[in-house]
Protein chains: 2
Amino acid sequence: MTPKTPIAIDAMGGDRGPAAVVEGILRARARFGGKYLVFGRPHVLEQEFQKLSGSIPEEIVIRPANEIITMDDAPVEAIREKKNSSLVLAARAVREKNAAAIVSPGNTGAVLAAGTLILGRCRGVERAGIAAVIPTPEHYSVLIDVGANVDCRPIHLLHFAIMGMVYARVTLGIQRPRIGLLSIGEERSKGNELTLAAAPLCEQFFRSIDSDRGVFLGNIEGRDIVNGRADVVVCDGFTGNAVLKFGEALAFTITDLLKERITAGPVRKIGALLLRGAFRELKNKIDYSEYGGAPLLGVRSPCIICHGSSNPRAIMNALRVAREQIEQDICGRIERMVSEFTNGGNGDNLKRKGIVSAEERKRKEDV
Amino acid sequence: MTPKTPIAIDAMGGDRGPAAVVEGILRARARFGGKYLVFGRPHVLEQEFQKLSGSIPEEIVIRPANEIITMDDAPVEAIREKKNSSLVLAARAVREKNAAAIVSPGNTGAVLAAGTLILGRCRGVERAGIAAVIPTPEHYSVLIDVGANVDCRPIHLLHFAIMGMVYARVTLGIQRPRIGLLSIGEERSKGNELTLAAAPLCEQFFRSIDSDRGVFLGNIEGRDIVNGRADVVVCDGFTGNAVLKFGEALAFTITDLLKERITAGPVRKIGALLLRGAFRELKNKIDYSEYGGAPLLGVRSPCIICHGSSNPRAIMNALRVAREQIEQDICGRIERMVSEFTNGGNGDNLKRKGIVSAEERKRKEDV
């Protein structure tokens, strides 16, 4: 698998239909190069490409897929039954090594199911987790899991912490990510049953690795997701999903309230005109399309879940992130880190670990 | 207990010290009338009152309390050991019917412990819950629980739903609150073990009451906390705490980012000046001091937990909310609703309920 291997794209599942996806692919090709396998109804896709670029560039190959998994389909059933859907065929292309990563703006549950059932989980990883990028004043933080696992065991949170650390290094370029466990207070005694059991596991793991690779902060609070204190925030998928969706809506509500107020009356309208640039900068900062979708981490190949209503810019950025993850072998790094330390996910090996041999340290440094 | 009974205030536990609390009490007395028992170090409080109003109005009585529970104290231990603290003595005054409600800006965990251990839970309520008011575009929603119970059972969520409904009616003036169960998707199949078990309990309860009293929406998502779809959002205290603290920080981050950008350069500074009023309106809308603290619901008398850094305005509003809750007998209403339907909190009675007698319906209408 080389960086030359194409990325597979499910072009049919998004809320905006294939037009936005096709435009996103053309932009990604123009900016980052690369090859693309585009799955969907051939005549629809051909039309879209012709409309936008006159012809289909040779780096882009359309692969026929006549079924579509809709937003209302039950995820696992859809993956099993719609074998000729653009999503299933794109995932199978990755599994069969004809593509190196998959990007889809479709039904989130179905992409998650395709990732775990068709691509398969990394060795040692018990649950794949969805990571989301959250803007902070100076940079970004990674929130994991935002919805793949609603009921978690402590070892799952440790795996999320490891996967989040690798992701922060690879995609956000943070050399020494600070990892926090989301809880209701900073004190060690604060938390629910799950976090109280997960905290010592995480402590043990991060003590055992080179501290230049990542640092465990212990418990952090909801405010630390967004204030820049942590680079990676670890939580169960129920809490993460609630936080993420709440945050998206809150950002919109605040900007809507502001918009309503800054256009009330002629004086304010002039003020709003003078501040147009400032508002645009803010919008860009909190605009999800900047981050290119949420990766499903812990599966064998990069799998990027895009927002259902992704615009071309969001698709382009998702393809950029997929490319980065291929080039930096994020999946291999996660697999090595997790299986090295947790012995197949049961944590026994972790407990036995006290001293890390020079050889092991070397291997870790490669991760 | 009449509306003339004073409100007990813990004046010592807040981050800003007694000055902010004293000013808040003076403002509340000037605006809403009423009597106040103020617990703390007498000479400190006397000084503050003299500084602000020259003398101490006769409706305000200082009660000596020489110990202080700090933000770092372990809650339950502090309540047991610091028997002469302003918080414990204020709570005991309520329990002994010398005051009708308690307001404290102190250590949240300690106020929670004082509420459940000294005031005592309402009959039938298994867990008290903390409610927070969240601004929505048109009005407000109530999020419950935001931190009292990190690990919940399904019946607790039902009790939160009932308490949230009564609170929305009493404090937000919503005649027919729409109650939603926070989950990761709207479909009935979506949720974690807890919400999947709690949803049918809530459905059964809300089917059994007069639908003019409140309506159960089923599952809602994080976005619905803030978009106005629901008036009451029910969740476990771990999730609610994460969401609330994240939301507060996100609102600050967005306004900070905006502030930074609208003052970058002279043109923008003029624009910002013209929009001063708009920004102030937005700030008021998202300012927590407007809502007067978070009530602990499910205990026998009104108990308002204020933000540790409450300013005088926040204290004043907390005293207003306490007064409303006394006048409208919120605790009695909650107790009647919960014990009527859940037979001491075990849910057995709820399952047996099918048809509601005329007499029972009459009683419910009084609630």
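Rule-based calculations on the coordinates, nothing more; no lab input. Computed from a predicted structure; not experimentally measured. Don't worry about glycine lacking a Cβ; one is built from the backbone with ideal geometry, like all the others, and counts go over all protein chains shown.
Label point of residue A:287 (7 Å along Cα→beta-carbon): distances to the other copies' equivalent points are 3.2 nm, sorted ascending.
Taking A:315, A:184, A:25 as the candidate residues, the one with maximal mean-square fluctuation in a Gaussian network model of chain A, Cα springs under 10 Å, is A:184.
Of all aspartates and glutamates in the structure, those lying under 12 Å Cα to Cα from residue B:83, and not within fewer than 8 positions of it along the same chain, are B:67. At q = 0.07, 0.08, 0.09, 0.10 Å⁻¹, what is the log10 ratio I(q)/I(0) for the protein assembly as shown, with the Debye formula run over Cα points and no solvent? Taking Cα atoms of the protein assembly as shown as identical point scatterers yields -0.54, -0.70, -0.87, -1.05. Placing a label point 7 Å from Cα along the Cα-to-Cβ direction at residue A:80 gives distances to the equivalent points in the other copies of 5.3 nm, listed shortest first. In terms of other Cβ atoms within 10 Å, B:270, A:326, B:162, B:174 run from fewest to most in the order B:270, B:174, A:326, B:162.
Couplings 3J(HN,Hα) for region B:62-67, derived from phi with the Karplus relation 6.51 cos²θ - 1.76 cosθ + 1.60 (θ = phi - 60°), are 8, 10, x, 8, 9, 9 Hz, where x marks Gly and Pro. Around the amide H of residue A:62, modelled in the peptide plane, lie the amide H atoms of A:38, all under 5 Å away and 5 or more residues distant in sequence or on another chain.
Here B:79, B:118, B:9, B:225 are placed in order of increasing Cβ neighbour count within 10 Å, fewest first, which gives B:118, B:79, B:225, B:9. Summing Cβ point charges (Lys, Arg +1; Asp, Glu -1) relative to the Cα centre of region A:34-165 gives a dipole of roughly 440 debye. For the residues of B:252-264, the average number of beta carbons from a partner chain within 10 Å of their own beta carbon is 6. Between copies, the label points at residue A:276 (set 7 angstrom from Cα along Cα-to-Cβ) are spaced 2.5 nm, reported in nanometres from shortest to longest. With an a/c value of 1.5 or above and a/b not larger than b/c for the gyration tensor axes a ≥ b ≥ c computed over the alpha-carbon atoms, chain B is described as oblate. Relative to the Cα centre, the charge distribution of the protein assembly as shown, modelled as +1 at Lys and Arg Cβ and -1 at Asp and Glu Cβ, gives a dipole magnitude of about 900 debye. Ranked by how many other Cβ atoms sit within 10 Å of their own Cβ, fewest first, the residues A:211, A:301 fall in the order A:211, A:301. The amide H of residue B:85, built 1.01 Å from its N in the peptide plane, has B:67 as neighbours under 5 Å, considering only residues 5 or more places off or on other chains.
What is the magnitude of the charge dipole of region A:136-290 about its Cα centre, with +1 placed on the Cβ of each Lys and Arg, -1 on the Cβ of each Asp and Glu, and no other charges, expressed in debye to the nearest 20? Provide the component values of the computation, followed by the final result.
Values: 19 positive and 19 negative charges, 131 e Å.
For this selection, approximately 620 debye.
Given axes a ≥ b ≥ c from the Cα gyration tensor, I'd like to know whether region A:132-229 is rounded (a/c under 1.5), prolate (a/b larger than b/c) or oblate. Rounded is the answer for region A:132-229, as its axis ratio a/c remains below 1.5. Per-residue ellipticity at 222 nm computed for chain B from its helices equals -15000 deg cm²/dmol, with DSSP H segments shorter than 4 residues left out and the rest contributing -39,500 (n - 2.57).
Ordering A:233, A:154, A:140 by the projection of their Cα atoms onto the charge dipole of region A:136-290, which places +1 on the Cβ of Lys and Arg and -1 on the Cβ of Asp and Glu, puts A:140 at the extreme positive end.
Using a 10 Å cut-off around each Cβ of peptide A:138-147, what is the average number of partner chain Cβ atoms that fall inside? Show your work: numbers first, answer last.
On the way: counts 0, 0, 0, 0, 0, 1, 0, 0, 2, 3.
Mean number of neighbouring Cβ atoms from other chains: 1.
Take peptide A:222-232, look around each residue's Cβ out to 10 angstrom, count Cβ atoms belonging to other protein chains, and average those counts.
On the way: counts 13, 10, 3, 6, 10, 6, 2, 1, 0, 0, 0.
Mean partner-chain Cβ count within 10 Å for A:222-232: 5.
Of all aspartates and glutamates in the structure, the ones whose alpha carbon falls short of 14 Å from that of residue A:4, not counting any fewer than 8 places away in one chain, are A:58, A:59, A:324, A:327, A:329.
Remark on residue A:220: its backbone amide H falls under 5 Å from those of A:181, A:182, A:183, a criterion applied only to residues 5 or more positions apart or on other chains, H modelled at 1.01 Å from N.
For chain B, what are the DSSP H helices with axial Cα length of 30 Å or more and mean Kyte-Doolittle hydropathy of at least 0.0? Write down the numbers at each step before the final one.
Values: long enough: B:237-262 (37 Å, 0.48).
Within chain B the helices that satisfy the rule are B:237-262.
Annotation for region B:120-144 versus region A:285-328: alpha-carbon center distance of 37 Å.
With a threshold of 22 Å on the Cα-Cα distance, the over-threshold entries among A:245/A:285; A:82/A:245; A:283/B:259; A:245/B:190 are A:82/A:245. A Gaussian network model of chain A, with springs between Cα atoms under 10 Å, assigns the largest mean-square fluctuation among A:280, A:178, A:213 to A:280.
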